[in-house]
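Step one of this worksheet: look at the structure below.
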Amino acid sequence: MRLADKFPIEQVRERFPSLSRRDDGRQVIYFDGPGGTQMVDFALESMYRYIRNGMANLHGTFNTSADTDAMLEKGREAVADLLGCKANEVAFGANMTTHAFAIARSLAGFINEGDEIVVTELDHRANVDPWITLARDQGAEIKFLKLDSDKYSLKLDELDQIVTPKTKLVAVGMSSNVTGTVTNLNPVIKRAKEVGALTVVDAVHGVPHLPINVQELDCDILLCSAYKFFGPHVGIAVVRESLFEKLPVYKLKPAPAEIPYKLETGTQNHEGIAGVMGAIQFIEELGYGETRRERLLSGMHAIDEYEQELAAEVENFLRTLPEVTLYRAASGRKTPTFAFTIEGHHSREVTAWLAKNYNICVADGDFYASTMAEVLDVYPSGGWVRIGLAPYNTKEEIQQFKTGLKAYIEQHQKNAVRF
C-alpha cells in the first residue's frame with residue numbers, strides 16, 4: 001500500500017467545510033494554499049465557541065474576562081508546542097508583516113551607521129523590506145544573499161563573504177513561497193552567531209508543511225501566520241526570551257511592559273487566537289504520542305509525507321510539458337509548491353481560464369517575491385502561475401489539474417506570443 005493510501009484523506013476533507021463549495025454545479029478545487037489555506041472546522045468552532053460564550057477584554061474581575069485571559073495563555077502554550085519554543089516567547093498580532101515592521105522599529109537601537117543587515121533574493125518581501133527600512137533609518141548597509149538562478153536556492157557558499165563582522169542582523173526564509181525551496185538554515189544561523197548577528201526566520205511558508213523546532217534551530221526571531229496552516233488571519237512572532245526582555249518596543253505607556261504582552265499592542269483578535277488553537281488541534285489529531293508536542297510532530301510528518309507523494313505527481317507532470325518552464329530545484333528539500341510559466345502566454349490568462357473552465361483555484365503574479373521575479377525575468381509573462389498543495393487535496397484533483405492544463409495548452413498554443 002502506498003503511503004498516500006494510508007493518509008486519512010476522506011476524514012481530513014470532512015474537516016474543511018469550504019471543500020463542499022460548488023460554482024455552476026461543479027466542485028471548487030483549492031490549489032491556492034500558499035496564499036492561504038482553507039480553514040479547518042476545529043478553528044471555526046473554536047472561534048464561534050469563544051464568541052458565543054461571551055467576549056471580553058483582558059484582566060477584569062468577571063468570568064468572561066478571566067476566560068479570555070486563560071484562553072490566550074492556552075493559545076500561547078499550543079503555539080509553543082507546535083513550534084518548539086517557550087510559551088512566553090509567543091506574541092500574537094495582525095500578521096507576519098506587521099510583526100516584522102514593529103520588531104524592526106524596536107531593533108533600531110541595536111543598529112548603527114556603518115553596520116550591515118543581510119537579506120536574501122529568494123524571500124517574500126515581508127522578510128526584506130522591514131529590514132531595508134531599518135537599515136535606511138539607521139544608516140546601515142543592506143547586503144543580499146544571492147539567488148542561484150539555476151538551482152532556485154541561495155548561494156550559501158558565499159555566506160562568509162556576505163555575513164561579516166559588521167553584520168548585525170540576518171533575515172532569511174525557511175522556505176520559498178514560490179519555488180518551494182527549503183533553505184538549510186543551519187549554516188546561515190551558525191555564521192550569523194559567529195559574527196554576533198541576530199537572526200530572523202520567515203517561517204510563514206514553512207510551518208504548514210514542515211515540523212518546526214525553534215530551540216534546535218537557535219534563531220532569535222521566527223515569524224509565521226495561522227491562516228497559512230488552516231486557521232484564521234492571526235500573526236505569530238516567536239522572540240528568544242533573552243532578546244525579548246530587552247526589546248524596547250513602541251507601546252502605550254499603561255500597556256504591559258513584560259513579555260510577551262509588550263509586543264501585542266492594542267486589543268488582540270481574541271476570537272482569531274481561539275481559532276489558532278483549533279487549527280493546531282487538527283494537526284495534533286493527525287498524530288500520536290504521549291504529549292501534545294509529540295502528537296503535533298507526528299501529525300506534521302503525516303502531512304508532509306502525504307503532500308510529498310502528491311507533489312511528486314505534479315512535478316513529474318509539469319516536467320513533461322515542453323511549453324512549461326518549471327521554477328523548481330531538481331534536488332533537495334522542497335514544499336509542495338510549484339511555480340511555472342507557459343511560453344507565449346500571460347500567466348493571468350492561464351489562471352483565469354482554469355478557474356472558468358475547471359473551477360481550479362491557482363494564483364498568478366510575483367507573490368511578493370519580487371526580487372526573485374526580477375532576477376528570473378518573469379514579469380514579461382505576468383509573473384508565475386503557482387499551484388500549492390495542502391493535506392486536503394487529492395490525487396483526483398491533481399488529475400483534473402493535469403487535464404485542464406493540457407486542454408489550455410492545446411486550445412491556446414496557436415495564439416502564443418513571444419515575450
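Bear in mind that the values in this text are calculations on the coordinates, not laboratory data. In this text, all values refer to a predicted model and were calculated from it rather than measured experimentally. Cβ sites come from the backbone with ideal geometry, for glycine too, and all protein chains shown count toward neighbours.
What net charge do the residues around D148 carry, taking every other residue with its C-beta under 11 Å from that of D148, with Lys and Arg at +1 and Asp and Glu at -1? Around D148, the surrounding residues sum to -1. Sequentially through the range 30-35, phi angles give Karplus couplings (6.51, -1.76, 1.60; θ = phi - 60°) of 9, 10, 10, x, x, x Hz, Gly and Pro residues having no value and appearing as x.
Stretching A87 away from S331 to a fully extended chain increases their span by 84.3 nm, per 0.36 nm per residue minus the current alpha-carbon distance. Take the Cβ atoms of A66 and K6, set R0 to 56 Å, and the FRET efficiency comes out at 0.80. The three principal axes of the Cα atoms in the chain give end-to-end lengths of 66, 54, 36 Å, sorted in falling order.
For the pair the range 223-274 and the range 126-204, the centres of their Cα atoms are 23 angstrom apart. Its alpha carbons considered, the range 295-419 gives a radius of gyration followed by a Dmax of 15.0, 52 Å. Remark: spin-label model distance E73-H412 equals 5.5 nm, labels positioned 7 Å along the Cα→Cβ axis. Mean residue ellipticity at 222 nm, helices only, the chain: -12000 deg cm²/dmol; runs of at least 4 DSSP H residues each add -39,500 (n - 2.57), and the sum is divided by the number of residues. How many percent of DSSP beta bridges within the chain run antiparallel, rounded to 5? Among the beta bridges of the chain, antiparallel pairing accounts for roughly 55 percent. Whole-Hz Karplus values for the range 7-20 come out as 5, x, 5, 5, 5, 5, 5, 5, 7, 10, x, 5, 5, 7 Hz, taken residue by residue from phi with 6.51 cos²θ - 1.76 cosθ + 1.60 and θ = phi - 60°; glycine and proline positions read x. Report the FRET efficiency, 1/(1 + (r/R0)^6), for E343 and Y288, where r is their Cβ-Cβ distance and R0 is 56 Å, rounded to 0.05. After rounding to 0.05, the efficiency reads 0.75. Please work out whether the range 181-328 counts as rounded, prolate or oblate from its C-alpha gyration tensor, where a ≥ b ≥ c are the square roots of the eigenvalues and a/c under 1.5 means rounded, while otherwise a/b larger than b/c means prolate and anything else oblate? Prolate. For the pair the range 13-59 and the range 352-419, the centres of their Cα atoms are 25 angstrom apart.
A simple rule links phi to the HN-Hα coupling: the Karplus curve 6.51 cos²θ - 1.76 cosθ + 1.60 with θ = phi - 60°, which for the range 306-321 gives 5, 4, 5, 5, 4, 4, 4, 5, 5, 5, 4, 5, 4, 6, 8, 8 Hz, with x for Gly and Pro.
With the largest listed first and rounded to whole Å, the semi-axes of the equivalent ellipsoid of the range 267-337 from the Cα gyration tensor are 33, 17, 9.
Would you compute the Debye intensity of the range 1-114 from its alpha-carbon atoms alone, equal scatterers and no solvent, and pass along log10 I(q)/I(0) at q = 0.13 Å⁻¹ to two decimals? Debye output, listed in q order: -0.85. Placing dummy labels 7 Å off each Cα toward the beta-carbon, the span from R13 to A355 is 2.3 nm.
Say the cut-off is 31 Å between C-alpha atoms; which of K74/K151; K228/K356; K166/K253 go over it? Table pairs above 31 Å Cα-Cα are K74/K151; K166/K253.
A simple spin-label model places the labels of R105 and T403 5.2 nm from each other, with each point 7 Å out along Cα-to-Cβ. Charge tally around V239: other residues with Cβ under 15 Å, Lys/Arg +1 each, Asp/Glu -1 each, net -1. If R0 equals 60 Å, the separation of the Cβ atoms of V28 and E113 corresponds to a calculated FRET efficiency of about 0.70.
Per-residue extension of 0.36 nm, minus the Cα-Cα distance of E158 and E245, leaves a gain of 28.0 nm for this segment.
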